[in-house]
Amino acid sequence: MSKILIVEDEVAIAELEKDYLELSGFEVDVENDGMTGLARALAEDFDLFILDLMLPGIDGFEICKQIREKKNTPILMVSAKKDDIDKIRGLGLGADDYVTKPFSPSELVARVKAHLSRYERLIGSSVVENDIIEIRGIKIDKTARRVWINGEEKQFTTKEFDLLTFLAENPNHVYTKEELFREIWDMESIGDIATVTVHIKKIREKVEMDTSKPQYIETIWGVGYRFKL
Ligand code: CA
């Protein structure tokens, strides 16, 4: 989860920003004082800073400058005056974006998201690509645990998903029902290998055009099942 620090002396504005960002799934800390804000910005790991320009003690210009000397973290400057924004741009303090008060919370959230994703692309590490398996018409997103059949998303139970994924990851390998049961259900599970048959039937109803002529999960009579590549 991305962590954001807001440095803003107007408590109501800070809370509004915090609420909206938290609703969008961010972790948000607020400091109402410039010095404390700067100290935390330098000492702790945040993914983005939102700095108000006019703060008691030390202003947003100075905080921005000092953060930039140490970190590449995105900085979004907030100001009540449009003139100030031209001034900040002119100073080249290294802020990534500028927002004028009053702004709509959704605009702020959109900008935060844009800067975070740009920064993550830049550093490359914190964005983990989803693990996807694609075989003919089946697309399995292992990370999100979602399945699409010919572009249409289908709902699978946990075990159906695990079983389908296991077979699709090991195509052309014939597994007995016992092996599949051991693989997908732990030994303590209540149930038996008939559970495997039931789950295969449910999966086929979702993935196969014609369950009597399976194109994906084949029955190898007297042995078990395999995912046909
Ligand atoms: Ca202020």
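The values are calculated or read from the model by the stated rules, or taken from the named source; none is laboratory data. All of these numbers come straight from a predicted model, not from anything done at the bench. A quick note on method: Cβ atoms are made from the backbone with ideal geometry, for glycine too, and the neighbour counts reach across all protein chains shown.
Among residues of the range 137-148 that are over 16 Å from residue 204 (Cβ atoms) and basic (Lys, Arg), those with a beta-carbon under 6 Å from a residue that is modelled with pLDDT of 90 or more and surrounded by 14 or more Cβ atoms within 10 Å (Cβ to Cβ) at least six positions away or on a different chain give the pairs 139/148; 145/161.
Close contacts from the range 173-185, counting a first residue that is surrounded by fewer than 21 Cβ atoms within 10 Å (Cβ to Cβ) and a second that is assigned to a loop (DSSP other than H, G, I, E, B) and not charged (D, E, K, R), with Cβ to Cβ under 8 Å and a gap of 6+ residues or different chains, come to 174/223; 176/223; 177/193; 178/193; 185/191. The number of residues in the range 1-45 that are in contact with a strand residue (DSSP E or B) (Cβ under 9 Å, 6 or more places away or on another chain) and within 15 Å of the ligand (Cβ to nearest atom) comes to 18. Here residue 76 does not fit the description of being at pLDDT 80 or above, buried (at least 18 other Cβ atoms within 10 Å of the Cβ) and touching a Ser or Thr at 6+ places or on another chain (Cβ under 6 Å). Considering only residues in the range 81-128 that are modelled with pLDDT under 80 and within 16 Å of the ligand (Cβ to nearest atom), the one that is nearest to residue 10 (Cα to Cα) turns out to be 81. Taking every residue in the range 52-77 that is within 17 Å of residue 118 (Cβ to Cβ) and pairing it with any residue that is within 11 Å of the ligand (Cβ to nearest atom) and assigned to a loop (DSSP other than H, G, I, E, B), at least 6 positions away or on another chain, the pairs with Cβ-Cβ distances below 9 Å are 77/53. Collect the residues in the range 1-14 that are free of Cβ contacts under 8 Å to residues at least 40 places away in the same chain and surrounded by 14 or more Cβ atoms within 10 Å (Cβ to Cβ), keeping them in residue-number order. Of everything in the range 1-14, just one residue is free of Cβ contacts under 8 Å to residues at least 40 places away in the same chain and surrounded by 14 or more Cβ atoms within 10 Å (Cβ to Cβ), namely 14.
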